[in-house]
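A.B. asks: Input: one structure, supplied below.
Bear in mind that the values in this text are calculations on the coordinates, not laboratory data. What you see is a predicted model, and the numbers here were worked out from it, not measured in a lab. Don't worry about glycine lacking a Cβ; one is built from the backbone with ideal geometry, like all the others, and counts go over all protein chains shown.
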Amino acid sequence: MFGKTPFKAATDLMRKSTDGAYYRLAFKICADWTGAIAVPAILGALAGQWLDKRYGTEPKWLMVLLFIAFLSTGITITKKARRYKAEFETIAASEQKNKPDADL
């Protein structure tokens, strides 16, 4: 009656073979990177605060563990970006292979 809902429109897009592969990859990257960025920072902050309170060294441990968390996040994101680049190129190559010739 009112047209497609946003959810219906999104599921229709994901049903297309190549479009769906790109959307699935994008959602996978978003979920993966959110965890890769947030988890080390939160754990580093909590552990740093706990160590600083325990040893009375405020904010020494917080700063050290946050630096380590940000460094490890950068390394992790770089590795994941390379992996997702290869996955994207695989999808693009299969799309080119399945694309009908325009010259016919």
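A.B. asks: Express in nm, to one decimal, how much length is gained between Y84 and W33 on full extension, taking 0.36 nm for each residue of separation and deducting their alpha carbon distance.
C.D. replies: Answer, rounded to one decimal: 17.3 nm.
A.B. asks: Another one. Sort all Cα-Cα distances of region 33-94 into consecutive 10 angstrom bins from zero, then give the percent of pairs in each bin up to the one containing the longest distance.
C.D. replies: 23, 34, 21, 13, 7, 2
A.B. asks: Can you put L65, L46 in order of Cβ neighbours within 10 angstrom, beginning with the fewest?
C.D. replies: Lowest count first: L46, L65.
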